[in-house]
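Enquirer: One structure coming up, written as structure tokens, with questions to follow.
Read the figures in this text as sums done on the coordinates, not as results from a lab. Just so it is clear, the model here is predicted, and its values are computed rather than measured. Note: ideal-geometry Cβ built from the backbone for every residue, glycine included; neighbour counts use all protein chains shown.
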Amino acid sequence: MKTYTDYLRFNTKQRQEFIRITDDVAAIVKRSGIDDGIVLVSAMHITAGVYVNDWEDGLIGDFQVWLEKLAPAGLPYKHHQTGEDNADAHLKRTIMGHQVIVPVTAGKLDLGPWEQVFYAEFDGQRRKRVVVKVMGV
Amino acid sequence: MKTYTDYLRFNTKQRQEFIRITDDVAAIVKRSGIDDGIVLVSAMHITAGVYVNDWEDGLIGDFQVWLEKLAPAGLPYKHHQTGEDNADAHLKRTIMGHQVIVPVTAGKLDLGPWEQVFYAEFDGQRRKRVVVKVMGV
Amino acid sequence: MKTYTDYLRFNTKQRQEFIRITDDVAAIVKRSGIDDGIVLVSAMHITAGVYVNDWEDGLIGDFQVWLEKLAPAGLPYKHHQTGEDNADAHLKRTIMGHQVIVPVTAGKLDLGPWEQVFYAEFDGQRRKRVVVKVMGV
């Protein structure tokens, strides 16, 4: 069995940004030389998520409106008594999920026709990382 | 290390259906010959989910009522400007999750007493797939 | 490839408790002797979750208030017709997620600076388990 680990780095211009990373993950899998197995893609910061869904700007906008409704910014969160102002980002990333496992088959990401991997930043404008670990044969 | 990959296929009669797939996953693990490791069960379409919870019809109904409240159909979603009408299905599957990892121990799914694996279809009446990848020794 | 499996046991005093388990998971990884790979941490009971987020009491309180808003106790859930009273616990754990994969790199949990692993109990005061399976080289 082989393992191969790399990290993606982000520093978004906006506080909230959704960034497609399917090709970055595929490039790491290619470099790993692993033909069959899995790749874990996991946010290392707790106000960002990683999810799989459609690459369609309208739907991305729908996700953002929806998350604001379910986990609004600006409420009097207890977390803000520590000086933070990003409690909603912790909640939003919980709904989206913070990691995915993509199967690797025949040297490629084994994704359905519309599956794309996204990084969802909810408290950006600072340096963040995503760990990408490939395991297999 | 060994890997073994198979696919489950669905074409539901209803637009929304929750289908228990524990036995299908267990059968694939048995065919894999893998005794200790993990099995990834992941929806390949972005309007369906895979989750672990109780096999009890009342609770399944509760999930469906709850998802309709959190992510209603019929809102003026931006995604619908593309001609689609299923934005709520993308949101609902995000809450349920689109994949699970089941541990495999002593050749069997290492599940708690009430854990069952389900496929949650939110935009059915068409052909869909779930990838099942077993990895281990 | 090596695998190593252990179980964490809980029997909380309160019905709802969030318990940090990062050190317990790290100890199991150390005992496994695995240097590079992944560790699956997965609730074996369907009214509990496992998630990664901040170790800050205010935020934990925010999560609990938020979950009560999104998935309230005390509604006339269909599941309660079976004699159960915990449908909300099934829903709450679905939002938080029931499992995480932590990457293992250089013999340690490969976590970001604020990432902590938590067990989220939503129907406690009874015996529960979490399976921890390490896989790697």
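Residue-wise test of (1) out of contact with any Lys or Arg (no Cβ under 8 Å at 6 or more places or on another chain); (2) surrounded by fewer than 21 Cβ atoms within 10 Å (Cβ to Cβ).
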| position | (1), (2) |
| --- | --- |
| A:ILE101 | yes, no |
| A:THR105 | no, yes |
| A:LYS108 | yes, yes |
| A:LEU111 | yes, yes |
| A:GLN116 | no, yes |
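Enquirer: Does any residue in region C:69-84 that is touching a residue at least 40 places away in the same chain (Cβ under 8 Å) come within less than 7 Å, Cβ to Cβ, of a residue that is exposed (fewer than 11 other Cβ atoms within 10 Å of the Cβ) and in a loop (DSSP other than H, G, I, E, B) six or more places away or on a different chain, and which pairs are these?
Expert: Taking only residues 6 or more apart or on different chains, not a single pair turns up.
Enquirer: Next question. Have a look at B:VAL104, B:VAL132 and point out the one that is under 23 Å from A:VAL117 (Cβ atoms) and assigned to a strand (DSSP E or B).
Expert: Just one listed residue meets the conditions, B:VAL132.
Enquirer: Test A:ARG126 against the criterion of being under 18 Å from the mean Cα position of the chain (by Cα), of a type in the set (D, E, K, R) and assigned to a helix (DSSP H, G or I), and give yes or no.
Expert: So A:ARG126 fails the test.
Rundown of residues vs (1) on the phi < 0 side of the Ramachandran plot; (2) surrounded by fewer than 24 Cβ atoms within 10 Å (Cβ to Cβ); (3) more than 8 Å from every other protein chain (Cβ to nearest Cβ), yes/no style:
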residue: A:GLY33; (1), (2), (3): no, yes, yes
residue: A:THR47; (1), (2), (3): yes, no, yes
residue: A:GLY58; (1), (2), (3): yes, yes, no
residue: A:GLY61; (1), (2), (3): yes, yes, no
residue: A:ALA73; (1), (2), (3): yes, yes, yes
residue: A:PRO76; (1), (2), (3): yes, yes, yes
residue: A:HIS80; (1), (2), (3): yes, yes, no
residue: A:ALA89; (1), (2), (3): yes, no, yes
residue: A:ILE95; (1), (2), (3): yes, yes, no
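Enquirer: Residues that are more than 22 Å from C:VAL65 (Cα to Cα) and of a type in the set (D, E, K, R): find the strands (runs of 3 or more DSSP E) completely inside region A:1-93 holding 1 or more of those.
Expert: A:2-10, A:17-20
Enquirer: For region A:5-24, name all the residues that are of a type outside the set (Asp, Glu) and within 14 Å of chain C (Cβ to nearest Cβ). Before the answer, list the steps.
Expert: Applying the first criterion (of a type outside the set (Asp, Glu)) to region A:5-24 yields A:5, A:7-16, A:18-22.
Listed by number, the residues that qualify are A:THR5, A:TYR7, A:LEU8, A:ARG9, A:PHE10.
Enquirer: Which members of region C:119-137 meet the condition of being within 11 Å of chain A (Cβ to nearest Cβ) and under 22 Å from A:ALA43 (Cα atoms)?
Expert: The answer is C:ALA120, C:MET135, C:GLY136.
Enquirer: Considering only residues that are in contact with a Phe, Trp or Tyr (Cβ under 8 Å, 6 or more places away or on another chain) and under 30 Å from A:ALA73 (Cα atoms), which ones fall in region A:23-43?
Expert: A:ALA43, the sole residue that qualifies.
Yes/no per residue for (1) over 28 Å from A:GLU84 (Cα atoms); (2) in contact with a helix residue (DSSP H, G or I) (Cβ under 9 Å, 6 or more places away or on another chain):
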position: C:GLN14; (1), (2): yes, no
position: C:ALA43; (1), (2): yes, yes
position: C:LEU70; (1), (2): no, yes
position: C:GLU84; (1), (2): yes, yes
position: C:ALA87; (1), (2): yes, yes
position: C:HIS90; (1), (2): yes, yes
position: C:GLY97; (1), (2): no, yes
